[in-house]
Amino acid sequence: MTTVTTSSPARRAESGARPRTADAGTLFNRLCATCLTLFALIWLVPFVWALVTSLRPDGSITQHPTSLFAGGWSLHAYRYAWDNYPIGSWYLNSLVISGLSVVLTVVLCSMAAFALAYLRFRGRTAAMALVTAGLMLPSEALVLPQFIEYRSLHLLGTYWALVLPSAVAPVSVFVFHAFFRGIPRPLIEAARIDGASWWRVYATVAMPICRPAVATVGILTFITSWNAFLWPLLVLNQTKSQTVPVGLASLVSPSNIQYAEVMASSVLGFLPLVAVFLVFQRQIVQGVATTGIR
Amino acid sequence: MTTVASTRPVPAPARPAAADRRPSASEGRAGLLLSGPFLLVYVVFVIGPLLVGAVVSFFNTTTVKNGLGAWVGLSNYTRVCGDPLFWQAMWHSVLFTLFTTPPLVLLALLFAVLAARIRRARVFYRIAFFAPYVVPSSVVALIFLWMYTPQVGLVPKVFDAVGLPVPDFIGSTSGGWTAVTLMTLWWTFGFNFVLYTAAIQDVPGDVYEAAALDGATPWQQIRFITIPLLARTTSLVVILQIVASLKVFDQIYLLLSGGPNQSTRPVIEYIYDTGFTSYRGGYGAAATLIYFAVIVAISAAWYGLRRWRASRAAA
């Protein structure tokens, strides 16, 4: 990621071929860096503000909103949030749903992508067209008919109602498909000549090679299904069975003036995701850049 | 890193290498068995709702009990089209798109171009700008609602400090739009930033070397090399942004509940209200399909235009 951009201005400055423009270039780059760093810091403000608020007592927040150290810091708000909202069960629900989604996505989408990449079978063209069309379909817009269908299938209120639709994202098929197509074909044919069944080729030759694709698809599916809002809001209507985003949404209200407690809950809501992001930021950013999903 | 261009919706399925070879029976069977599970779930649970919606929109189905209800023909459609509230909601979604698309595209382009000129602190910028994108919408709404709180919130304080009039962020329509736009900008900016950054890294460095030797100033390099070479990416970012903005629900629902007086209610919330407050499933399905058709038409027009341009460039 960091290679291409050893861009010319810096190198030009060293060679000194055109000192005047080189100076202008360095100056310009300094200006860019300052500007950008300023904005990046502004972008971090909401996180920091939430964190700081969550550590302060409510009284001093309203009396001295901007003096951060007035009133001292404590973890009281976290205990209150944990005791008063079923955050533990929300976490558990989110973990189970996202975990199942990841496993199913990786299995179903990689199998389908393998078939589409290597095998000729009846309906292959139609299947490919269907998946391609799925990339453009705004399926979030279909929540109402989706709700009617799932109700008649008696899936409402179950984990499956959330797991099944998120486990068959066309974009994941495309990520695997692109990866499989990059495997040298002789490798696959050699395995076939050795007498391996197609299933064995898929499971023991193709899948081990595309571990990076598994990582990309897995992480992105996890984040997308963890953050889903509208569909879980409709499907899970018991407070205890809700996911983290839906549960926390019930705290969003202008009349909720327990700022420290609310911010403590929001910190609990973003910390795990930000932690996952910090650990996998390279894969996540590359995955998003290659797939352009949202 | 693969290019952003590879995200184009349709890389036409290339033929398997040995196209003339007849597929064996075992190959056909393996193909069906491997793709079958995915296709089954996909058709039933993802394509299914579209078909269900198409059918239900001709009946007066309710969302509270099973069964289709009575056949009503096209009357759901005519009533949706005649409902000023539906068109107001459509307009609010369009308005949101008009508010968010220009800053989200232009700022992302600007920042990505600037970031490409700096060698240090890359990871820092990436983390700062992209981290909000992985946070759930309700958490973002919680944080921003607190920051918008009158008198004690951070944003009114900042507006005050720089001498701007402080709008009523939650209680007024114009303040509400400001609040939602700023929050969306913070939340989703990183996505476009990442797409642009990836595209800029695919521009070969020697183009800049050559330009620099010819005495091009940094501004000229950006203006005449980077931005023209990013035209394809810009077109992709713009369409993704338009479609995503037209699908807005979370931010407006959470922060403003579509208020005050439904003056910011987007079309998905309109559908949500018809379906889940007044339980009119058939009617809501008709509204869904009209809205769905609009989004698909926009994506298809963009895609067609892109194909047409590409074929003209090739000819």
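Structural remarks
- Close amide H pairs (under 5 Å, H built 1.01 Å from N) link A:R56 with A:S74, residues at least 5 positions away or on another chain.
- Couplings 3J(HN,Hα) for the range B:113-121, derived from phi with the Karplus relation 6.51 cos²θ - 1.76 cosθ + 1.60 (θ = phi - 60°), are 5, 5, 4, 5, 8, 10, 8, 8, 6 Hz, where x marks Gly and Pro.
- Along each principal axis, taking the top coordinate minus the bottom one, the Cα set of the range B:130-183 gives 33, 22, 17 Å in descending order.
- Between B and A, buried accessible area from a 1.4 angstrom probe totals roughly 11300 Å², ignoring ligands, DNA and RNA.
- Length gained when the stretch B:S263-B:S172 is fully extended (0.36 nm per residue, less Cα-Cα span): 31.9 nm
- Projected label points at A:I183 and B:N60, each 7 Å from Cα along the beta carbon direction, are separated by 5.7 nanometres.
- Near B:F59, the amide H atoms lying under 5 Å from its own belong to B:V72; only residues 5 or more places off or on other chains count, and H is placed 1.01 Å from N.
- Only helices enter this figure: runs of n ≥ 4 DSSP H residues, each worth -39500 (n - 2.57), summed and divided by the residues of the protein assembly as shown, yield -22000 deg cm²/dmol at 222 nm to the nearest 500.
- Paramagnetic label reach from B:S278 (point 7 Å along Cα→Cβ; backbone nitrogen cut-off under 16 Å): within the range A:114-152, no residues.
- 3J(HN,Hα) along the range A:29-41: 5, 4, 4, 4, 4, 4, 3, 5, 5, 4, 5, 4, 5 Hz, from the Karplus curve 6.51 cos²θ - 1.76 cosθ + 1.60 with θ = phi - 60°, whole Hz, x for Gly and Pro.
- Among the protein heavy atoms of the range B:53-149, carbon and sulfur supply 75% of the accessible surface, probe 1.4 Å, non-protein parts ignored.
- Choice from B:F38, B:F86, B:F99 showing the highest fluctuation, given a GNM over chain B with Cα pairs closer than 10 Å: B:F38
- Once the chymotrypsin sites (Phe, Trp or Tyr not before Pro) in DSSP loops with at most 15 neighbouring Cβ atoms within 10 Å are cut out of chain A, the longest remaining piece is A:74-294.
- Karplus-derived 3J(HN,Hα), 6.51/-1.76/1.60, for each residue of the range B:91-100, Hz, glycine and proline x: 4, 5, 5, 5, 4, 4, 4, 5, 6, 8
- Rounded D (µm²/s) - chain A, Kirkwood Rh over Cα pairs, Stokes-Einstein at 4 °C, 1.567 mPa s: 56 µm²/s
- The calculated FRET efficiency for A:L153 paired with A:H76, based on their beta-carbon distance and R0 = 45 Å, is about 0.45.
- Residue of A:R120, A:R56, A:R211 that the Gaussian network model of chain A assigns the largest fluctuation, springs spanning Cα pairs under 10 Å: A:R120
- For chain A, a Gaussian network of Cα nodes joined below 10 Å ranks A:T125, A:T158, A:T216 by mean-square fluctuation, and the top entry is A:T125.
- For the residues of A:95-102, the average number of beta carbons from a partner chain within 10 Å of their own beta carbon is 0.
- Taken along the Cα-to-beta-carbon direction at a fixed 7 Å, the label points for A:Q258 and B:A70 span 5.0 nm.
- Over the range A:86-250, accessible surface divided per residue gives 38 Å², non-protein components excluded, 1.4 Å probe.
- Potential extension, A:A190-A:Y91 segment - 0.36 nm per residue separation minus Cα distance: 31.0 nm
- Backbone N within the range A:136-163 under 19 Å of label point (7 Å from A:Q238 Cα along the Cβ vector): A:151-163
- With R₀ fixed at 22 Å, the C-beta to C-beta distance from B:R79 to B:A293 puts the FRET efficiency at about 0.85.
- Using the Cβ-Cβ distance between A:S197 and A:A126 with R0 set to 22 Å, the FRET efficiency from 1/(1 + (r/R0)^6) comes to roughly 0.30.
- Average partner coverage of B:267-277, which counts Cβ from other chains inside 10 Å: 3
The values are calculated or read from the model by the stated rules, or taken from the named source; none is laboratory data. Since we're looking at a predicted model, the values are computed, not measured. Note that each Cβ is placed from the backbone with ideal geometry, even for glycine, and that neighbours are counted across all protein chains shown. SASA here: full protein model, heavy atoms, side chains in, ligands and nucleic acids out. Shrake-Rupley method; radii C 1.70, N 1.55, O 1.52, S 1.80 Å.
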